[in-house]
1. Exactly one condition in (1) open to solvent by 60 Å² or more (accessible area, probe 1.4 Å); (2) modelled with pLDDT of 95 or more; (3) not aromatic (Phe, Trp, Tyr) is false for LYS350; which is it?
2. Among the residues of the range 423-434, is any free of Cβ contacts under 8 Å to residues at least 12 places away in the same chain and either out of contact with any strand residue (DSSP E or B) (no Cβ under 7 Å at 6 or more places or on another chain) or of a type outside the set (A, V, I, L, M) (or both)?
3. Just the residues that are closer than 16 Å to LYS299 by Cα, open to solvent by 30 Å² or more (accessible area, probe 1.4 Å) and in contact with a Lys or Arg (Cβ under 7 Å, 6 or more places away or on another chain), please, taken from the range 154-198.
4. Hey, can you tell me all the residues within the range 160-217 that are within 27 Å of the chain's Cα centre (by Cα) and in a helix (DSSP H, G or I)?
5. Restrict the check to the range 122-133 and report whether at least one residue is under 28 Å from the mean Cα position of the chain (by Cα) and not in a strand (DSSP E or B).
6. Exactly one of these conditions fails for THR483: (1) without any contact (Cβ under 8 Å) to a residue 24 or more places away in the chain; (2) in a loop (DSSP other than H, G, I, E, B). Give me its number.
7. Among the residues of the range 308-326, are any small (Gly, Ala, Ser) and within 28 Å of LEU495 (Cα to Cα)?
Amino acid sequence: MISCKIFLVVILSSIYSISKSSNGNYYDSINLAKKHLPYYFSNFPQEAEKCKKDPNCPFKKYLGKNKCWGYEPNCKAENSFSRPTCPGDHQGWVRSKFEQINTFYKQGDFGYVKEQLEELQTICKPIVQGESSLECSQHLRFCRGRNILVNFTSLATRKDRIRYNMDVLSMGDITGYCKLDRGKLKNQCDHISPLQSWGPELRFFDESPFPIRRNQCDIFINTPTFIMKIDATVNLYHHFCDFFNLYASQHVNNSHPEAFSSDKHVLIWESYPYRSNFGETWKAFTHHPIWDLNTFRGKTVCFKNIVFPLLPRMIFGLFYNTPIIWGCEGSGLFKAFSQHILHRLGITTKARDSGKLIVTVLSRESSYRNILNEDQLIERLKEDKRFIVQRVVYNKALTFEKQLQLTHDSDIFIGIHGAGLTHLLFLPDWAAIFELYNCEDENCYQDLARLRGVKYITWEKKELVFPEDEGHHPDGGAHAKFTNYRFDSEEFYRLVCVAADHVLTHPSYKKLAKPIREEL
């Protein structure tokens, strides 16, 4: 009679070792946005050669374009996906326009990816070629390993729920058959905080006295696995810090043609079951179920390929803590992320053939930051025949994919300060985001709009916005985010017209839309 343990290993192994061929046509597995295909084939000339020789390859028109994302060695500016611009003043940050553009590129564009690649150093060197290894960027922000064993047996007796805990592992619970540079590892463990680095976990890495083999493990995972420590899943802004950094990490890890394949596993480093209204986004990264620590409770697990991606709250990291130099806009990394998510979730760009601009007003269902005269403002816009005005409420009654389609169909997107404005990431290039009022948090969505490269507008005349009261912070004291607001309808209309002028004169909009009829 086969033991329960062996039976479990057999079942899990059969599930976890799915090969690419099981997903159908080889070319289907590439599954990248059309605009990204020239960069894929330029990065992997062997794949381009296969396509060139195969009469059935559907991607021949994307070959031979000599494109690069921007982080590859010898990537020329004219071939790069990233072309940020800095039309504004840098306000004393740097001494020249060149330095301004370069600073922006390093802070929030593919220059950040390039920096991680340049920083990669071996922490644990293989003793024998093909055996275990571990390499990381500075401060253990990004790491990847081969043939790594992780011991989760202590979780079997642990009664507390795990989230943001830094004591999941103990010394030797994560090992590899390699020569560990202990001094280097210790020096890099300088950002010990749950969401800032992998220091809390990898400080316990130790050498294994023998090669990692299947018979040492309760479970052996052959498919690449990304381990993730995630931010607040209930908040669109914070959870998309996770998804964005996962996408950026795939670029850091872009050394194999399958770097962006969805045949990879995601293990969330907590024991709470994953729940989020934005969970459909995982389909952009994996076609496997999402794991958590309960999946491997009490087991020893061996990973053939393991990645510890960039985290959501790194010091001077991407998205949440990104310090953006003044005067710059249009990060190629943020644009590529937007295109990748929209493509993988099947969100399409519709022709603007009505001759009218689609204005979307995001309505809140919360205790604070509601627009008290929302109906009046919407009616004022409807008086202008150039506009099709729609009010939306983005809650769990509307799938996230449907929300994204509504957003991507918008030419002007309007909402008061709040996480819902993170939808600006998925607006078309010509669109304008109108943060009706920033509630004294001036930079958050302005910076995000600059990174994405869409027009940002906010309220200008403070005497024409009318708070319900001074606002009452839960911990005491007045606070602009904890009240509701009325807005002057004519000033509101004026600002929407500013946004409309931007859209109508944007080259990308003019290419897509039919001319506005004279009678409008």
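The values are calculated or read from the model by the stated rules, or taken from the named source; none is laboratory data. What you see is a predicted model; the values in this text were computed from it and never measured. In this analysis, Cβ positions are derived from the backbone assuming ideal geometry, glycine residues included, and neighbour counts consider all displayed protein chains. In case anyone asks, the SASA skips ligands and DNA or RNA and just uses the protein heavy atoms, side chains included. Shrake-Rupley method; radii C 1.70, N 1.55, O 1.52, S 1.80 Å.
1. The one condition LYS350 does not meet is (2).
2. No: zero hits.
3. If the condition is that a residue be closer than 16 Å to LYS299 by Cα, open to solvent by 30 Å² or more (accessible area, probe 1.4 Å) and in contact with a Lys or Arg (Cβ under 7 Å, 6 or more places away or on another chain), then ALA156 is the only one that fits.
4. Matches in the range 160-217: GLN188, GLY199, PRO200, GLU201, LEU202.
5. No, the range 122-133 contains no residue that is under 28 Å from the mean Cα position of the chain (by Cα) and not in a strand (DSSP E or B).
6. With (1) without any contact (Cβ under 8 Å) to a residue 24 or more places away in the chain; (2) in a loop (DSSP other than H, G, I, E, B) applied to THR483, the lone miss is (1).
7. Scanning the range 308-326, I find no residue that is small (Gly, Ala, Ser) and within 28 Å of LEU495 (Cα to Cα), so the answer is no.
A quick yes/no check of all residues on (1) within 18 Å of LEU427 (Cα to Cα); (2) crowded, with 19+ Cβ neighbours inside 10 Å:
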residue	(1), (2)
LEU357	yes, yes
VAL361	yes, yes
ARG369	no, yes
LEU372	no, no
GLN376	no, no
LYS396	no, no
GLU401	yes, no
